[in-house]
Amino acid sequence: MGITFSILDQGRVAAVEGNLAGDAVHIAPEDFATIGWALKPHGFCKDELCFPIPSQSTVVTSAGVDLAGFASLIGRPLAIDIEARAAYLGTAAADRSAQLATLQAPEFALPDLDGTMHTLSEQRGKKVLLAAYGSW
């Protein structure tokens, strides 16, 4: 394969070898083990969870595994930056929905104006006002 590509998945970064075909990124099947997935005869598997590959699918070809096709197969969004040679596998909609149903905010840490880090869990039981801003 031709280039080193960084894949971010569930807080882990893995450097894998891949190649480009237009806007498509193809990764060697054996490199999926670095992000916890294995290509088996019955599909892509991670622990006990397996996603079968449809018979007419073009996810796996002689060029490797199409990263966008893989993300679609497992039901997760994918963001790719070809120039930066990086890709991010997002959280599946079903997982996001389950988290929202709990009405619990996910854990995070942010600095105050003095640079001291504070976590959400430190604030449990207290009233908290969180203001968010985005420049986009």
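For the reader, a short list of remarks on this structure follows.
- Qualifying residue in region 93-108 (condition: outside any strand (DSSP E or B), surrounded by 12 or more Cβ atoms within 10 Å (Cβ to Cβ), more than 21 Å from the chain's Cα centre (by Cα) and on the phi < 0 side of the Ramachandran plot): no
- Considering D47, D112, the condition of being more than 30 Å from Q123 (Cβ to Cβ) and either in contact with a Ser or Thr (Cβ under 8 Å, 6 or more places away or on another chain) or charged (D, E, K, R) (or both) is satisfied by D47 alone.
- Residue selected from region 54-65 under the condition loosely packed, with under 15 Cβ neighbours inside 10 Å and of a type outside the set (G, A, S), by the criterion modelled with the highest pLDDT: P54
Rundown of residues vs (1) modelled with pLDDT under 85; (2) of a type in the set (D, E, K, R), yes/no style:
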residue: V13; (1), (2): no, no
residue: G43; (1), (2): no, no
residue: P52; (1), (2): no, no
residue: I74; (1), (2): no, no
residue: R96; (1), (2): yes, yes
residue: Q99; (1), (2): yes, no
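- Entirely in region 1-70, the strands (runs of 3 or more DSSP E) that have 3 or more residues that are out of contact with any Pro (no Cβ under 6 Å at 6 or more places or on another chain), in contact (Cβ under 8 Å) with a residue 24 or more places away in the chain and under 23 Å from T91 (Cα atoms): 3-9, 24-27
- E83 passes every criterion in (1) closer than 30 Å to F32 by Cβ; (2) modelled with pLDDT of 85 or more; (3) surrounded by 12 or more Cβ atoms within 10 Å (Cβ to Cβ) apart from (3).
- Flag for E122 being under 30 Å from A132 (Cβ atoms), modelled with pLDDT of 90 or more and loosely packed, with under 15 Cβ neighbours inside 10 Å: yes
- Pairs linking a residue in region 83-97 that is more than 21 Å from A24 (Cα to Cα) and among the charged types (D, E, K, R) to a residue that is surrounded by 12 or more Cβ atoms within 10 Å (Cβ to Cβ) and at pLDDT 90 or above, with Cβ atoms under 6 Å and 6 or more positions apart or on different chains, do not occur.
The values are calculated or read from the model by the stated rules, or taken from the named source; none is laboratory data. Bear in mind that the values here come from a model prediction, so they are computed numbers and not experimental data. Note that each Cβ is placed from the backbone with ideal geometry, even for glycine, and that neighbours are counted across all protein chains shown.
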